[in-house]
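Engineer: Structure in structure tokens, see below.
The values are calculated or read from the model by the stated rules, or taken from the named source; none is laboratory data. This one's a predicted model, so the numbers in the text were calculated from it and none came from an experiment. Cβ placement follows ideal geometry from the backbone for every residue including glycine, while neighbour counts extend to all protein chains displayed.
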Amino acid sequence: MRVQVQKWGNSLALRIPKPFAEDMGVREPTAVQLAVSEGRLLAVPIRPRKTRLKDLLARVTKTNLHAEVDTGTPVGRLKDEVALVTGGGRGIGRAIALRFAQEGARLVVAGRNAASLAEVEKQILALGREALALPCDVTNDPAVREMVRRAEARFGRIDILVNNAGYFGAMHRLHEMPDTEWDQTLRANLTSAFYVCRAVLPGMIARQRGSILLMSSISAKQAYPFAAAYSATKAGLLGLTRALAAEAGPHGIRVNALCPGIVTGTEMHDQVNREVEKMTGAAPGKRVEAARSSTLLRQLPSPEAVADAALFLASSDSGLMTGQALNVDGGVRFD
């Protein structure tokens, strides 16, 4: 029997015949996290200080299996898939783009900030994957169509679309909210997703396959004051997800939504903290701690945690899931 071991950054990938999995002796959760499925190539996160490549190979050889080390192109759950991530230059979008690249995808990252997009493109290229940074205002339909045209011209297709671009503006009491704030939030969060989906769908329909993710929010399900425009647009994305799932399903296209809770470590998180303090006087630290203590896991999601959930929905691991809204909130909502 042959076990292929592939080194890639701080990760390994194994192809293991299922009956031999337990014989490898790499089940210690503090050292190696290993999930086995017969005939599949699996990512194995390694904590370098705990387990080194040579240690793992030594354990493999104890089973009298043949081990091969390959330091070439990584193989993952999104091998050679082409993914377009809007709002891909920072925060959750950046984390998703990098996570997808780690799983073998080729990336198109789009957004307003050319400098941040270029930095993400550089990081993806450093992982050995192809990348294309395309500055684009996704609230502008002609710009979106040109962005998709350039992406398809470069890679030939778009297999995965992540509508992550979003906006959180100034908080207002509803009766005091100016039209401009409502309109800007609607265009940035909901209309932009409509534009990008409309531009990408023809290619997916022609190929009879694709996966689309829309970035909603726990605020679509939970009542928060002073953010009516944001909550309404995020709830609108859930409606768009279900309607598009019904339309696209017969063409082999899955459409799902992510509903993150309060995500720490992003510019939007800092913006929300400032706005909440302005409206309520609540200090950011106390707000965050109260939010954390309200979760079942006593944890708030990071951008990387949301990226892991996005990977699940984008990949064949969720092959029979469509029209769903997956909460990533540490245990707050159950709908």
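Engineer: All but one of (1) surrounded by 16 or more Cβ atoms within 10 Å (Cβ to Cβ); (2) without any contact (Cβ under 8 Å) to a residue 24 or more places away in the chain hold for Ser211; state the number of the condition that does not hold.
Structural biologist: (2)
Engineer: Is it true that Met171 is touching a helix residue (DSSP H, G or I) at 6+ places or on another chain (Cβ under 8 Å), touching a residue at least 12 places away in the same chain (Cβ under 8 Å) and buried (at least 19 other Cβ atoms within 10 Å of the Cβ)?
Structural biologist: Considered against the rule, which asks whether it is touching a helix residue (DSSP H, G or I) at 6+ places or on another chain (Cβ under 8 Å), touching a residue at least 12 places away in the same chain (Cβ under 8 Å) and buried (at least 19 other Cβ atoms within 10 Å of the Cβ), Met171 comes out as yes.
Engineer: Next question, about the same structure. In this structure, does Arg150 turn out to be surrounded by 21 or more Cβ atoms within 10 Å (Cβ to Cβ) and of a type outside the set (Val, Ile, Thr)?
Structural biologist: Criteria not met by Arg150.
Engineer: Evaluate the following for Leu296: is it exposed (fewer than 12 other Cβ atoms within 10 Å of the Cβ) and at pLDDT 85 or above?
Structural biologist: Judged against the criteria, Leu296 is a match.
Engineer: Are there any pairs with C-beta distances below 8 angstrom linking a residue in region 99-122 that is within 20 Å of Asp141 (Cβ to Cβ) to a residue that is buried (at least 22 other Cβ atoms within 10 Å of the Cβ) and among the polar types (S, T, N, Q), with the two at least 6 apart or on different chains, and if so which?
Structural biologist: Ala110/Thr86; Gly111/Thr86
Engineer: Which of (1) within 22 Å of Ala170 (Cα to Cα); (2) under 23 Å from the mean Cα position of the chain (by Cα); (3) among the hydroxyl-bearing types (Ser, Thr, Tyr) is the odd one out, the single condition Thr280 does not satisfy?
Structural biologist: In the conditions (1) within 22 Å of Ala170 (Cα to Cα); (2) under 23 Å from the mean Cα position of the chain (by Cα); (3) among the hydroxyl-bearing types (Ser, Thr, Tyr), Thr280 misses (2) alone.
Engineer: Can you name the residue in region 323-335 that is in a loop (DSSP other than H, G, I, E, B) and under 16 Å from the mean Cα position of the chain (by Cα) and is also surrounded by the most Cβ atoms within 10 Å (Cβ to Cβ) among such residues?
Structural biologist: Restricting to residues being in a loop (DSSP other than H, G, I, E, B) and under 16 Å from the mean Cα position of the chain (by Cα), the top hit is Asp329.
Engineer: So which of Gly319, Gly261 ends up being surrounded by fewer than 19 Cβ atoms within 10 Å (Cβ to Cβ) and in the same structural domain as Arg173 (by TED's automatic domain parsing)?
Structural biologist: Testing whether each residue is surrounded by fewer than 19 Cβ atoms within 10 Å (Cβ to Cβ) and in the same structural domain as Arg173 (by TED's automatic domain parsing) leaves just Gly319.
Engineer: Residues of region 281-328 being among the hydrophobic types (A, V, I, L, M, F, W, C), touching a Leu at 6+ places or on another chain (Cβ under 9 Å) and farther than 22 Å from Leu84 by Cβ, which ones?
Structural biologist: Residues satisfying the conditions are Val288, Ala291.
Engineer: If a residue must be part of a loop (DSSP other than H, G, I, E, B) and of a type in the set (Lys, Arg), how many such residues does region 255-301 contain?
Structural biologist: 1
Engineer: OK, next. Only one of Ala283, Ala309, Ala291 is in the same structural domain as Ser216 (by TED's automatic domain parsing) and crowded, with 19+ Cβ neighbours inside 10 Å. Can you tell me which?
Structural biologist: Result of the check over Ala283, Ala309, Ala291: Ala309.
Engineer: Another one. Name the residue that is nearest to the chain's Cα centre (by Cα), counting only residues in region 87-105 that are over 20 Å from Val196 (Cα atoms) and part of a loop (DSSP other than H, G, I, E, B).
Structural biologist: So, considering only residues that are over 20 Å from Val196 (Cα atoms) and part of a loop (DSSP other than H, G, I, E, B), the one nearest to the chain's Cα centre (by Cα) is Glu103.
Engineer: Does Met204 satisfy being touching a residue at least 60 places away in the same chain (Cβ under 8 Å) and closer than 22 Å to Gly88 by Cα? Spell out how you get there, then give the answer.
Structural biologist: Numbers: touching a residue at least 60 places away in the same chain (Cβ under 8 Å): no; closer than 22 Å to Gly88 by Cα: yes.
No: the conditions fail for Met204.
Engineer: Follow-up. Determine which member of the set Gly261, Gly249 is among the small types (Gly, Ala, Ser) and farther than 24 Å from Glu81 by Cβ. Step through it out loud before you land on a result.
Structural biologist: Details: Gly249 fails: farther than 24 Å from Glu81 by Cβ.
Result: Gly261 is the single residue among Gly261, Gly249 that is among the small types (Gly, Ala, Ser) and farther than 24 Å from Glu81 by Cβ.
Engineer: While we're here: Report yes if Leu238 is assigned by TED's automatic domain parsing to the domain that holds Ala223 and part of a helix (DSSP H, G or I), otherwise no.
Structural biologist: When the stated conditions are applied, Leu238 passes them.
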